[in-house]
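Please treat every number below as a calculation from the coordinates, not as lab data. Source: prediction; values computed, not measured.
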Amino acid sequence: MANIILLGPPGAGKGTQSKRLVDERAMVQLSTGDMLREAKTSGTEMGKRVAAVMERGELVTDEIVIGLIEEKLKGAAAGGFIFDGFPRTLKQADALGDLLARMGQGLDAVIEMQVDDAALVARITGRYTCGNCGEVYHDTTRPTKVAGTCDVCGSHDMKRRADDNEDALKTRLMEYYKKTSPLIGYYYAKGGLSTVDGLAEMDAVATAIAKVLDRN
């Protein structure tokens with residue numbers, strides 16, 4: 001069992017590798033976006049707070065997100081938890097550390113998925129997904145076997161994210177470097193940072209992540 005954070009810019013492959021860890025190690029992925037969407041319709045007190053904030057068009061506070069994470073950590077996770085997309089700032093990292101300590105838990109690994117920006121732009125701008133099952137494809141590195149048809153479920157509903165274009169991606173990267181990249185130094189100083197090549201082939205990335213987890 002291990003609690004881990006996956007760090008890396010948009011498109012580094014954090015979601016893909018999280019899904020593999022969920023399938024292969026029975027870990028639970030804690031994605032901030034998924035938790036907020038789930039809470040909004042849950043009917044719980046915390047869910048009502050989330051819904052009220054989102055309906056007002058305001059940003060959900062760190063306090064609320066930490067509250068949602070605390071609720072999730074109280075549940076069972078045979079393989080541990082993956083923090084995907086949180087923390088994003090040094091303040092959130094401190095809050096997460098305090099929460100884990102309060103609950104008698106800790107972080108076993110922080111894994112940075114390193115990428116080259118130019119290669120990342122090429123990866124993201126060619127990316128598309130199946131709107132039915134969520135399988136991810138790429139124009140050059142992983143096209144569908146039959147054009148416009150998902151290899152997995154046969155759907156013809158192929159989608160591209162509106163912000164998967166060069167200008168939008170550069171904006172997202174700048175936001176990452178301003179707010180989130182300081183976490184790399186933060187966790188390095190704490191002695192818990194490992195790095196893998198986020199642009200390697202998916203199986204190679206998964207193997208590198210497994211080596212980090214198996215030595216902890």
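Test of understanding: express the Cα radius of gyration of region 170-212 as a ratio to 2.2 N^0.38 Å, with N the residue count. Write down the numbers at each step before the final one.
Details: Rg = 12.8 Å, N = 43, 2.2 N^0.38 = 9.2 Å.
Against the empirical 2.2 N^0.38 Å value, I get 1.39 for region 170-212.
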Per-residue HN-Hα couplings for region 145-159 [Karplus 6.51, -1.76, 1.60; θ = phi - 60°; Hz; x = Gly/Pro]: 5, 10, 3, x, 10, 5, 5, 7, 10, x, 5, 9, 8, 9, 10
Between region 162-197 and region 1-68, the Cα center-to-center distance that results, in Å: 18 Å
Rg and Dmax [Cα atoms of the chain; Å; Rg one decimal, Dmax integer]: 17.8, 52
Within a Gaussian network of the chain (alpha carbon springs, distance under 10 Å), most fluctuating of A76, A26, A95: A76
Amide H contacts under 5 Å for I5, placed H, 5+ residues apart: F83, A109, V110, I111
Amide hydrogen neighbours beyond the local backbone of S155, cut-off 5 Å, H modeled: C150
Derived scalar couplings ³J(HN,Hα) [region 174-186; Karplus, 6.51 cos²θ - 1.76 cosθ + 1.60; whole Hz; x for Gly, Pro]: 4, 4, 4, 5, 6, 9, 9, 4, x, 5, 4, x, 4
